[in-house]
Ligand SMILES: Cc1cc2nc3c(=O)[nH]c(=O)nc-3n(C[C@H](O)[C@H](O)[C@H](O)COP(=O)(O)O)c2cc1C
């Protein structure tokens, strides 16, 4: 059984809707052999990260960057995971009011440092998530799970 860890900071209904869609996609019956574990970013540990085989990362954009909560997760896990988690797959979803570019840059820089492998570009939503946005979140979850498991 492979483990897919969702690490998210969810402070609002928009991010919650995206998180729920990502989690539903990650848990789809179409993919076998994957256990989904979810942690709030401020509660996730380096052990959680080490014990997972892949990651889904979710955050609002705050002050032109990732949320402090997701940044805190990366601060915690960076050195403990640096050698152990090389090439593990990840997907990400971000929500902002207007401009996610700083958060995207930060995410790319951190995950490049960790040598994680993006399964697809992050899903970025501004404003209230549409049906199509939530479908993209579902797909992100399912595609990341499929990367780990069997279809
Ligand atoms: C302190 C703070 C800083 C924020 N900074 C940004 C920002 O730099 N860029 C942006 O697009 N949205 C920014 N936002 C908006 C949040 O990303 C947005 O509130 C969050 O994704 C939740 O969306 P919602 O309030 O529409 O549910 C900020 C929000 C707060 C509270």
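Readers should treat all values here as calculations from the given coordinates under stated rules, not as data from a laboratory. Not measured: the values here are computed from a predicted model. Here Cβ is always computed from backbone atoms with ideal geometry, including for glycine, and neighbour counts include all displayed protein chains.
Placing a label point 7 Å from the Cα of residue 120 along the Cα-to-Cβ line, the residues of region 1-39 whose backbone N sits under 12 Å from it are 22, 25-26. Shape class of region 74-151 from the alpha-carbon gyration tensor: oblate, with a/c at 1.5 or above and b/c at least as large as a/b.
Under the rule a/c < 1.5 gives rounded, and otherwise a/b versus b/c splits prolate from oblate, where does the chain land using the Cα gyration tensor? If you can, show how the numbers build up before the last one.
On the way: a/c = 1.67, a/b = 1.08, b/c = 1.54.
Taking the square roots of the gyration eigenvalues as a ≥ b ≥ c, the chain is oblate.
Scaling the Cα radius of gyration of region 4-55 by the globular reference 2.2 N^0.38 Å produces a ratio of 1.16. Each residue, residue 47 and residue 72, gets one label point 7 Å from its Cα in the Cβ direction; the gap between the two is 1.9 nm.
In region 2-148, the DSSP beta bridges split such that about 10 percent are antiparallel, to the nearest 5.
The calculated FRET efficiency for the pair residue 79 and residue 2, based on their C-beta separation and a Förster distance of 22 Å, comes to about 0.35.
Mean projection of the Cα convex hull over all viewing directions, computed for region 82-125: 2.9 nm². In this simple spin-label approximation, residue 112 and residue 97 carry label points 7 Å from Cα along the Cα→Cβ vector, and these lie 2.9 nm apart. Cβ-to-Cβ counts within 10 Å put 117, 2 in ascending order as 117, 2, the fewest first.
Using the count of nearby Cβ atoms within 10 Å as a rough guide to exposure, how do 63, 50 rank from fewest to most?
Values: 63 9, 50 13.
Ranking 63, 50 by Cβ neighbours within 10 Å, fewest first, gives 63, 50.
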